[in-house]
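Engineer: Mind having a look at this structure? Questions to follow.
The values are calculated or read from the model by the stated rules, or taken from the named source; none is laboratory data. Just so we're clear, the structure is a prediction, and the values are computed from it rather than from any experiment. Methodologically, a virtual Cβ is constructed for each residue, glycine included, from the backbone with ideal geometry; neighbour enumeration extends over all protein chains shown.
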Amino acid sequence: MNILWSEARALWRARTLVWVLTRREVASRHSGTALGIVWPYLQPLLTVAAYYLVFDVVFGMRLGEQAPTRAVGAYLVVGALPWMAFCDAVQRGMTSLIDAGSLLHKNPLPPVLFTSRSVLASFSIYGPLLLLVAVAYIPAHGLKPAILALLPLLLLQMLLCMVLGYALAILAAALRDVAQLVGFLLSVGIYLSPILFPIQLFPQAWRWVLWLNPMTGLVMGYQQVLLQGQWPQWSVWCATLVWVCALSVVLNALVARSRDQLVDWL
Amino acid sequence: MSTKNSPNTPSVVPDTVLSVAGVAKEYKLYPTPRARLRALLTGKATHRSHWALSDVSFELRRGECIGVIGDNGAGKSTLLKLLAGTLQPSHGRIDRVGRVTAILELGAGFHPDFSGRDNLYFAGSLIGINHDEMARLEPEIIDFCELGEALDRPVKTYSSGMTVRLAFALVTAVQPDVLIIDEALAVGDQNFQKKCVERITAFRNSGCTILFCSHSPYHIRHLCDRALWLKGGRVEQFGNTEAVLAAYDVHTRAREAAAEGDAPGGPVPAVTEGAGAGHPPDGSMADQSRHFAAPKAASDGGSACILSVDVAHLNDAVGDQPPVLQGHDLVVTIRARGRGMERPNIGFMIEQSKGVGITSLATHEDGAVPVQLDDGTWQSVLTFPDLPLHSGDYVISAFLFDETGLAVYDQWFQFLHFRFIFPKPLPGLVRLPHRWS
């Protein structure tokens with residue numbers, strides 16, 4: 001893991017530059033628009049607002065007995081928003097190196113900065129939105145101390161996205177098809193998670209499949225904190241940490257094998 | 001990370017700002033990107049190796065100016081990228097002291113939707129100029145790039161020249177300890193090119209080490225103390241500029257001769273048609289005139305250029321044969337338009353039609369000055385009394401320089417072939433000054 005450690009140190013040394021890059025990335029997502037900075041926040045916000053309107057206000061759909069909450073819309077929003085954050089961060093992280101190719105060719109900068117800025121930019125948009133949702137849930141679900149667990153959950157998700165995004169960025173640099181494949185996996189991944197349906201609704205024999213999705217643990221964590229006011233179960237932390245560790249090992253090997261030629265592939 | 005800036009590395013003596021030791025760069029060539037992914041996942045080597053550089057070692061001291069020459073594919077760009085730090089060497093180490101600035105491709109970091117000023121601050125942070133420092137440097141950069149109001153418009157509305165000006169002003173805003181230039185002098189308009197050359201010269205005079213890669217032996221000769229000749233990824237020669245350039249010239253001519261030997265033989269046309277602006281028009285060949293004039297369009301523009309070159313006493317060419325010089329004197333009249341009030345310099349070169357260069361001359365080297373005519377153009381008449389050449393076919397080129405002799409405004413390269421007949425039947429090329437006793 002020495003290599004990952006040196007990457008982390010390079011990232012820390014260049015933290016002011018990462019901050020500039022991140023602010024710039026956020027700004028470039030709405031450059032030339034009249035509403036400006038509102039747009040990146042507005043799009044996910046409107047999507048979850050639509051879930052709430054359609055499922056809870058218009059149709060008033062209800063989940064079964066075992067679900068953590070009865071309202072379908074409220075249930076959906078808690079899982080879908082972190083999932084959208086995950087997809088956004090992973091996808092942008094994955095293309096970050098290819099997009100920054102010309103910059104990396106001309107400037108002696110560590111590639112890891114560019115993956116980090118994409119993931120950080122993504123979280124600077126979705127992080128506040130998730131906290132906003134948490135505040136919006138207080139009237140219906142009460143304010144419990146467990147809400148403090150949101151912060152470690154968010155940090156863990158960011159770490160997961162950073163590691164996964166960087167690994168995919170290297171693979172995508174080697175073979176562009178990776179980006180297409182991952183795009184497909186992310187679009188079907190929502191069905192392999194307890195976002196649309198509570199895990200209790202999945203057949204007992206097939207529940208293990210859900211754990212192949214790195215976000216399953218985190219989604220359940222958010223649901224437990226926001227809907228039930230409970231501290232996340234140990235399985236949430238374990239599953240996510242196992243994913244982060246496994247991906248770190250893979251990433252370490254990928255960086256070691258590609259570091260002296262990565263820029264040539266961009 | 002052996003290429004990080006290391007001010008305290010003990011292996012580097014204080015005077016040395018850049019030390020390259022046993023550096024090699026391998027490019028791994030995979031048959032397909034799929035093989036690349038497979039190698040990445042399995043760790044097995046399935047690539048062919050291409051060693052762009054092998055065993056390159058040299059040291060640069062403070063204030064030196066080094067020219068890098070070599071054929072295409074000799075590894076020049078790879079070397080510059082390694083020194084700039086955008087590529088990592090496969091073997092060996094590079095130690096650098098202080099700030100290294102590379103002018104590899106200008107304007108690469110700019111975002112088209114943001115304003116020039118915004119891009120200035122962003123691109124500055126990429127090369128290690130923070131916000132406060134940039135605020136301090138900004139007036140000077142704006143002054144240098146001459147963008148004025150345009151600085152607050154999005155970069156996508158800029159012409160390529162404007163982008164390059166902004167980028168050059170930015171990267172050279174802070175004087176580096178080592179400046180790496182990759183053929184970047186040929187940017188922008190003449191006025192800006194001159195400013196670039198002046199700024200680089202100023203850096204050099206105040207102790208900046210410059211590494212300069214160019215195909216132009218002229219610039220290397222004028223700017224550089226030493227030259228590095230790369231051949232097939234190795235250092236072929238490194239040392240005194242003239243010696244290395246001479247050796248490289250021999251190599252280039254040998255290579256060209258070999259290439260010509262392979263090609264089907266045929267008579268050399270009387271006047272070769274070269275590419276490039278300001279070349280004599282085809283019509284002047286048809287009527288076999290000895291007077292060459294620039295195309296009308298070129299002389300209408302405002303930029304400095306060679307207007308005409310007259311060679312006296314040339315008879316008309318017959319068939320494929322070049323025109324023959326009548327008499328013993330070669331008298332060449334070169335007329336050029338300068339830039340503004342500046343007094344330009346004029347250069348001249350004569351070579352064998354198929355073979356070696358004989359001599360090149362320039363007004364600034366000889367302490368001569370072109371004469372300004374009534375219409376504001378400049379003229380030099382160059383006379384070789386009793387032309388000291390043996391019989392043969394020769395080719396001449398004309399050049400127009402700026403006042404300092406550093407920027408080349410215009411060139412008519414090998415634009416006129418002629419034949420000279422020396423009445424005595426002795427073999428040889430030139431008749432050297434000599435004395436019998």
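Engineer: B:Val395 - would you say it is of a type in the set (A, V, I, L, M), surrounded by 15 or more Cβ atoms within 10 Å (Cβ to Cβ) and in contact with a Ser or Thr (Cβ under 9 Å, 6 or more places away or on another chain)?
Structural biologist: Yes, satisfied.
Engineer: So which of B:Gly92, B:Gly63 is assigned by TED's automatic domain parsing to the domain that holds B:Ser206 and at pLDDT 85 or above?
Structural biologist: B:Gly92
Engineer: Also: Restricting to the stretch A:80-102, count the residues that are within 13 Å of another protein chain (Cβ to nearest Cβ) and surrounded by fewer than 21 Cβ atoms within 10 Å (Cβ to Cβ).
Structural biologist: Number satisfying all stated conditions: 4.
Engineer: Which of (1) surrounded by fewer than 16 Cβ atoms within 10 Å (Cβ to Cβ); (2) more than 12 Å from chain A (Cβ to nearest Cβ); (3) over 30 Å from B:Gly232 (Cα atoms) is the odd one out, the single condition B:Pro112 does not satisfy?
Structural biologist: With respect to (1) surrounded by fewer than 16 Cβ atoms within 10 Å (Cβ to Cβ); (2) more than 12 Å from chain A (Cβ to nearest Cβ); (3) over 30 Å from B:Gly232 (Cα atoms), B:Pro112 is out only on (2).
Engineer: For the stretch B:33-44, give me the residue count where each residue is more than 9 Å from chain A (Cβ to nearest Cβ) and either touching a residue at least 60 places away in the same chain (Cβ under 8 Å) or not in a helix (DSSP H, G or I) (or both).
Structural biologist: Matching residues across the stretch B:33-44 total 1.
Engineer: Another question about this same structure. Would you mind telling me which numbered condition in (1) closer than 27 Å to A:Pro110 by Cβ; (2) within 11 Å of chain A (Cβ to nearest Cβ); (3) surrounded by fewer than 22 Cβ atoms within 10 Å (Cβ to Cβ); (4) more than 24 Å from the chain's Cα centre (by Cα) B:Lys156 fails?
Structural biologist: Every condition holds for B:Lys156 apart from (1).
Engineer: A follow-up question, please. Under 8 Å by Cβ, and 6 or more places apart or on different chains, what pairs join a residue from the stretch B:357-375 that is closer than 19 Å to B:Gln411 by Cα with one that is at pLDDT below 90 and among the basic types (Lys, Arg)?
Structural biologist: Pairs that qualify, where the first residue is closer than 19 Å to B:Gln411 by Cα and the partner is at pLDDT below 90 and among the basic types (Lys, Arg), are B:Val369/B:Arg343; B:Pro370/B:Arg343.
Engineer: Name the single residue that is farthest from the other protein chains (Cβ to nearest Cβ) among those in the stretch A:160-201 being of a type outside the set (A, V, I, L, M), within 30 Å of A:Val263 (Cβ to Cβ) and without any contact (Cβ under 8 Å) to a residue 40 or more places away in the chain.
Structural biologist: A:Phe184
Engineer: Right, something else. With the condition kept exactly as written, say whether any residue in the stretch B:97-104 is out of contact with any Cys (no Cβ under 7 Å at 6 or more places or on another chain), hydroxyl-bearing (Ser, Thr, Tyr) and without any contact (Cβ under 8 Å) to a residue 60 or more places away in the chain.
Structural biologist: no
Engineer: Residue under question is A:Gln261, and the condition is that it be crowded, with 20+ Cβ neighbours inside 10 Å, free of Cβ contacts under 8 Å to residues at least 60 places away in the same chain and within 14 Å of chain B (Cβ to nearest Cβ); does it hold?
Structural biologist: yes
Engineer: Hey, can you tell me all the residues within the stretch B:140-176 that are outside any helix (DSSP H, G or I), at pLDDT below 85 and among the charged types (D, E, K, R)?
Structural biologist: Within the stretch B:140-176, just B:Glu146 meets the criteria.
Engineer: So which residues in the stretch B:380-437 are in contact with a helix residue (DSSP H, G or I) (Cβ under 7 Å, 6 or more places away or on another chain) and part of a strand (DSSP E or B)?
Structural biologist: B:Ser380, B:Phe401, B:Val408, B:Tyr409
Engineer: Before we move on, is A:Val58 within 22 Å of A:Pro82 (Cβ to Cβ) and among the β-branched types (Val, Ile, Thr)?
Structural biologist: Considered against the rule, which asks whether it is within 22 Å of A:Pro82 (Cβ to Cβ) and among the β-branched types (Val, Ile, Thr), A:Val58 comes out as no.
Engineer: In the stretch B:115-133, which residues are within 11 Å of chain A (Cβ to nearest Cβ), part of a helix (DSSP H, G or I) and either of a type in the set (Ser, Thr, Tyr) or crowded, with 17+ Cβ neighbours inside 10 Å (or both)?
Structural biologist: B:Asp118, B:Asn119, B:Tyr121, B:Phe122, B:Ala123, B:Gly124, B:Ser125, B:Leu126
Engineer: So, one more: Given A:Val236, A:Val163, which one is in contact with a Ser or Thr (Cβ under 7 Å, 6 or more places away or on another chain) and either at pLDDT 90 or above or under 18 Å from A:Leu81 (Cβ atoms) (or both)?
Structural biologist: Within the list A:Val236, A:Val163, the selection yields A:Val163.
Engineer: In addition: If the requirement is being more than 30 Å from B:Ala317 (Cβ to Cβ) and at pLDDT 85 or above, which of these qualifies: B:Leu223, B:Leu179, B:Leu185, B:Leu245?
Structural biologist: Within the list B:Leu223, B:Leu179, B:Leu185, B:Leu245, the selection yields B:Leu179.
Engineer: Could you list, in sequence order, all residues of the stretch A:105-156 that are within 14 Å of chain B (Cβ to nearest Cβ) and basic (Lys, Arg)?
Structural biologist: A:Lys106, A:Arg117, listed by residue number.
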